[in-house]
Amino acid sequence: MQVQKMSDLPPDRVSPEPPFTHVGLDVFGPWMVTARRTRGGHAESIRWAVIFTCLSTRAVHIEVIETMTTASFINGLRRFSAIRGPIKTIRSDQGTNFIGACKELKLNTTDPELKTYLKDNKSTWIFNPPHSSHMGGVWERMIGIARRILDALLLKLNPSYLTHEILVTLMAEVTAIMNSRPLVSVSSDPEAPAVLTPSMLLTHKKDTLAAPSGDFDVNDLSNKHWRRVQALADAFWKRWRQEYLTTLQTKGKWNMEKPNLQVGDVVLLKDSQMKRTEWPTGLVVKTFPSRDNTVRKVEVKVVKHDIPRVYLRPISELILLFHAKNV
């Protein structure tokens, strides 16, 4: 196997332009939904989703498309551009999932109609070489995790429970969950430690939309469509927390000494009792070294509703986001 020095980031990864000017794209699905009720039951239809990842802010946007045609895909692009603004660069891979989706969608990326649309909008579509998914790592990981979780949730769901409206609303909830993930620390201020998220870059708002109160069970779906959406969104959040957020921690069993948490470290507090997107961010204000000089519990200051609170927590309940020595 040949190796070579890692190249610099492409210009569209570091250009100071508005969000979603340069995007990575993938298509995933399909899922069966109830299109309409009939006397004998219900008529089913297929839906797909197009996921866009901003190459600079790492935000995501998901559009549901209805038919397996280039025209439907162009409509999805048009809806995306109407909300997020013009696209200069679209990047995608040539992996099995994307090529397979294009074939089933009857989407030909050399289609004159699609080429004309891209040309009229001054957009460029760039394909990575085959078998080089690492070149699209900036969007591949997000897309891969979202696709795996959604497929696991929706493919085993009775199509009679899933309508187009439920699917579109669920994708909006999934987008909000993904865009609330932490990127880097933006402040080491002990009074207001805040963590930069894609949502903050898109909305310029620090707070995220709170999830509805109440318990929603994906296995006990009621006739109320909004409850079905929340049950599925909660199920997505639980899988997202387990499969993505935990990877922000160093993995491995406890057979090796690890660097201690220090005063000034910015951490994310795990809390299984809290709703998705609401895990608080805190600042380590005190450590408690054991006899062997290893830290296994700390005091963390969290600011809620502009009121600072201090909690004693074991390090197993914390996710390190930003180390004090990097300040």
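The values are calculated or read from the model by the stated rules, or taken from the named source; none is laboratory data. Everything quoted here is computed from the prediction, not taken from an experiment. Cβ sites come from the backbone with ideal geometry, for glycine too, and all protein chains shown count toward neighbours.
General observations
- Breaking point among (1) under 30 Å from Val303 (Cα atoms); (2) charged (D, E, K, R); (3) modelled with pLDDT of 80 or more, for Asp189: (3)
Matching residues to (1) of a type in the set (A, V, I, L, M); (2) in contact with a Cys (Cβ under 8 Å, 6 or more places away or on another chain); (3) not assigned by TED's automatic domain parsing to the domain that holds Gly29:
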| position | (1), (2), (3) |
| --- | --- |
| Ile143 | yes, no, no |
| Ala146 | yes, no, no |
| Asp151 | no, no, no |
| Met178 | yes, no, yes |
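- Top-ranked residue of region 267-297 - restricted to ones that are β-branched (Val, Ile, Thr) and more than 26 Å from Lys238 (Cβ to Cβ), ranked as surrounded by the most Cβ atoms within 10 Å (Cβ to Cβ): Val284
- Tally, over region 37-63, of residues that are surrounded by fewer than 19 Cβ atoms within 10 Å (Cβ to Cβ) and at pLDDT 90 or above: 0
- Helices (runs of 4 or more DSSP H) fully within region 64-171 counting 3 or more residues that are surrounded by fewer than 15 Cβ atoms within 10 Å (Cβ to Cβ) and modelled with pLDDT under 75: 96-104
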